[in-house]
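The values are calculated or read from the model by the stated rules, or taken from the named source; none is laboratory data. These numbers come from a predicted model, not from an experiment. Quick reminder, even Gly has a Cβ in these numbers, built from the backbone with ideal geometry, and neighbours come from all protein chains shown. Areas reflect the complete protein model, heavy atoms only, side chains present, ligands, DNA and RNA absent. Shrake-Rupley method; radii C 1.70, N 1.55, O 1.52, S 1.80 Å.
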Amino acid sequence: MAEGVLEFQDRHGIDNHLYQQIEYFLNRFYMSRISIRMLINQHILLFSDDVNNNPKHVGCIDSLCNVQEVIEDAYTSAKFLCDQYYMASPALELEPYNRVDHEKAITMVYVPSHMHHMLFELFKNAMRAVVEHHGPDADSYPPIRVVVCKGKEDVTIKVCDRGGGIPRSQQKNLFKYVYSTAPQPGKSGGTSAPLAGYGYGLPLSRVYARYFEGDLILSSIEGYGSEAMLYLKLGDANEVLPIFNKTCSRHYQPSIPVADWSNNSFRTGLQSTRFYSTLKTQAIKA
């Protein structure tokens with residue numbers, strides 16, 4: 001899918017309105033795909049006699065998912081990939097804070113594979129930024145600092161790096177499916193997965209986070225580094241699924257852009273807000 005979108009962009013180009021349609025479709029497509037895959041895996045793990053399930057798991061859901069262990073596992077996987085590409089990688093500094101169950105490990109009810117996927121992408125981006133910013137031949141690298149805190153409503157994971165950050169003008173592109181600060185990887189057929197380049201890591205990770213009413217937010221200081229905030233909801237977290245009706249089909253209809261602001265990027269941001277407010281109102285009426 002990623003290669004198809006990139007090939008379409010190279011051949012035909014993608015303007016802002018067309019990209020909004022593609023992003024709208026992909027967000028809903030991947031959210032539905034995550035839900036279907038979750039349902040299939042859950043059924044297989046619960047009812048198959050050939051699967052040796054973990055006793056503390058209910059299907060693919062871990063009722064006592066140890067967040068620190070998943071963080072360390074995701075870091076190890078990203079470190080292995082970073083070492084393959086650069087022969088170096090930054091260390092990890094993990095600071096847990098449990099404000100609910102003091103002096104206990106941070107656990108929650110969650111799908112470990114979903115959490116691992118999101119953290120793996122964040123670590124990959126942070127490691128690449130740090131190594132490329134300081135140079136592959138540097139004697140040492142500033143560590144990636146991770147703070148994980150369990151509150152009353154969320155488990156929040158903050159991933160901080162000193163990889164130079166990105167300009168403020170580019171931050172609006174971070175969650176675009178066709179945007180990446182890395183060179184585009186080659187065509188399929190390689191024996192190893194690319195470290196970056198498809199532009200799918202962050203937007204897909206945000207879809208995973210929002211699937212169970214969480215979220216993923218990024219901020220950056222140009223010249224210093226970036227910070228990612230991953231919010232995972234505690235308690236009763238319901239699936240967030242797309243609804244298909246006549247209202248959603250209107251998103252694919254062509255619109256006439258109106259130049260009513262001196263800065264187009266400022267106008268686009270407000271226009272997007274107005275659109276989703278209108279879409280929500282129409283959905284309620286429908």
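What's the extension gain from Thr156 to Met87 if we count 0.36 nm per residue and subtract their Cα-Cα distance?
Going from the current span to full extension adds 21.7 nm.
Can you tell me the length gained on complete extension of the stretch Ile221 to Glu103, counting 0.36 nm per residue apart and subtracting the Cα distance? Present the calculation step by step, with values, prior to reporting the outcome.
Working: separation 118, 0.36 × 118 = 42.48 nm, distance 3.31 nm.
Additional length available on full extension: 39.2 nm.
Calculated FRET efficiency, Leu241 and Ile44, Cβ-Cβ r, R0 25 Å, to nearest 0.05?
0.75
For the stretch 211-256, which trypsin sites (Lys or Arg not before Pro) are both in a DSSP coil and crowded by at most 12 other Cβ atoms within 10 Å?
Of the trypsin sites (Lys or Arg not before Pro), not one in the loops of the stretch 211-256 has a Cβ with at most 12 other Cβ atoms within 10 Å.
Between Glu7 and Lys56, what length comes free when the chain is fully extended (0.36 nm per residue of separation minus the Cα-Cα distance, one decimal in nm)?
Additional length available on full extension: 13.2 nm.
Please list Asp15, Asp161 from largest to smallest accessible area, probe radius 1.4 Å, with all protein chains kept in place.
Solvent-accessible surface, decreasing: Asp15, Asp161.
Heavy atoms only, probe 1.4 angstrom, no DNA, RNA or ligands counted: give me Ser205, Ser48 ranked by accessible area, highest first. Write out the running numbers ahead of the final one.
Numbers: Ser205 0, Ser48 40 Å².
Result, largest first: Ser48, Ser205.
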